[in-house]
Each structure stands twice: as structure tokens, then as C-alpha cells.
1. Order the following by accessible area, largest value first: Thr177, Thr74. Probe radius 1.4 Å; ligands, DNA and RNA are ignored.
2. Quick check: pseudo-label points 7 Å beyond the Cα along Cα→Cβ at Thr102 and Gln71, how many nm apart are they?
3. Full-extension gain between Lys34 and Glu3, please, as 0.36 nm times their residue separation minus the C-alpha to C-alpha distance.
4. With every protein chain left in place and a probe of 1.4 Å, what is the accessible surface of Lys14, to the nearest 10 Å²?
5. Just for the Cα atoms in the chain, what are the lengths along the principal axes, largest first, rounded to whole Å?
6. For Thr22, put the label point 7 Å out on the Cα→Cβ axis and report which residues of segment 66-104 keep their amide N under 15 Å from it.
7. Heavy atoms only, probe 1.4 Å: what % of the accessible area of the chain goes to carbon and sulfur, would you let me know?
8. Which value in nm describes the separation of the simple spin-label points at Thr209 and Tyr60, placed 7 Å from the Cα toward the beta carbon?
Amino acid sequence: MSEQRIFIVEDDTKIASLLSDTLRKYHYHVETAKDFDRILEEFAAFDPHLILLDINLPSYDGYYWCRQLRQQTTCPILFISARSGEMDQVFALENGGDDFITKPFHYEIVLAKIRSHLRRAYGEYAPKQEERTVRAGRLVLYMERLELHCRETEIPLQKKESTILELLMVAYPKVVTREQLLEELWDDQAFVDENTLNVNMARVRKKLTDYGIQSFVETVRGAGYRLILGREEQ
């Protein structure tokens, strides 16, 4: 498992240091969170294979960050916390966590759980599945890669951009309603501002334009959105 990257989100510097030192002894590449208001940016820069995430953190708790991270990654997220109540463990799993380790912990157990989850995600126990793709004309969306391909052009996508394009390409040439988009993009639509979907749709349109794709997203007033393929992409 050498060269596997592990991201530790723990505000107790002593625990974070001990975890880092232990994991490095076993040849893992480790980074610890430095700015607890910029967890997503640090995650994206490091691109870890696994995350160790505390619950009690400055500004926002681990449940919040787990939900945010799940919009960008499917890598294993293991909660580490002094909280030992049943509901804490339930919340951790329901908010996107894969496992829960209670403090104080034995490092052998932490290592065993890390190895187990890495094997399941990337190693001998990982499911052997074909890469999922969606096609519309000459546009090909690679969901796991978060990439849209058109001829020789490869367009990197954010998670929500990929979800929007997936819905539009699967439905093509039909309309996708705003309700369908909101349901897929956010778990709780009641707390989504009306303008939020417009902002995300504008990002998708800009991404297509920036990469010279003639296809575009048409707004169907009172109904939703649909994908219109450009001549070169049909």
C-alpha cells in the first residue's frame, strides 16, 4: 500500500501528529488539514485515497465536511472521534462516512481499518466494474473521471457539473425539469436558494463555451432545461 495518500482532518495537533508519524512508518503519504475553513481546497490539492475525519472541528463539524467532500469524492472517509454515542455513529454513516473509530484508539486498529478500506476501494477486494459513461452524439461523459470528452477535447468537471450533464445527456433530446435537477443535486431542496441552480447551470454553459463545444444548454421556460447538440457534436 505504499504511496497511498491519507488526509487527516483533526484539530488536536498532538493526535494529528501521532497519527501522521504512525502512518508514515508504514509508508503512507500523509497530509494534515491546516486551514479548517478550506478543507475542500486542501483535499483537492492533495487528492487523497482515504480521509480520517474528526467530528468536533472549528467553524463546521465533521458531518458538514463529510457531506461537502461527498460531492467531490467517493474515497473512504473514516470518522475518528471521542464521541461514542450510538447516534453519533449513525450520523457519521448517514452523512457519508464509511466507518467510525472511537477515541482513545489503538493505532493497530486504526491501521487495520485503513488497510481494509483501501483494499475494498482500490485493491484486491475492489469491485471490478466497467467505467460508466453516458453518450449524446459525439459527447461522452466519464462519470468516475469527472470528464467530458468531445473528439480530442477533454473537459474536467466539478461533481455538480457532471451530474447536470449526466441528466441532460441521458434525457437528450428531452427536457429535464428543474425539480429533477434539484432532487439529484441536493438532498434537501427546501434549503436550496432558487438562484443556486441557475448559478450551477451558468457554470456548465461557460465550461462548454470555454472549451469550444458548440453544444449548449437551452432554458425551456416554465419546464426546465435540455441539451442542444451543435452540428459538429451530432
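The values are calculated or read from the model by the stated rules, or taken from the named source; none is laboratory data. Model, not experiment: these values are computed from the prediction. Please note: Cβ atoms are built from the backbone with ideal geometry, for glycine as well, and neighbour counts cover all protein chains shown. For accessibility, only protein heavy atoms count, side chains too; no ligands or nucleic acids. Shrake-Rupley method; radii C 1.70, N 1.55, O 1.52, S 1.80 Å.
1. Details: Thr177 45, Thr74 130 Å².
Ranking Thr177, Thr74 by accessible area, largest first, yields Thr74, Thr177.
2. 3.3
3. On the way: separation 31, 0.36 × 31 = 11.16 nm, distance 2.11 nm.
Net length gain for the segment: 9.0 nm.
4. Lys14 has an accessible surface of roughly 140 Å² with all protein chains in place.
5. 60, 38, 29
6. 78-82, 100-104
7. Numbers: 6200 of 13350 Å².
With neighbouring chains kept in place, the figure for the chain is 46 percent.
8. Each label point lies 7 Å from its Cα, and together they span 2.8 nm.
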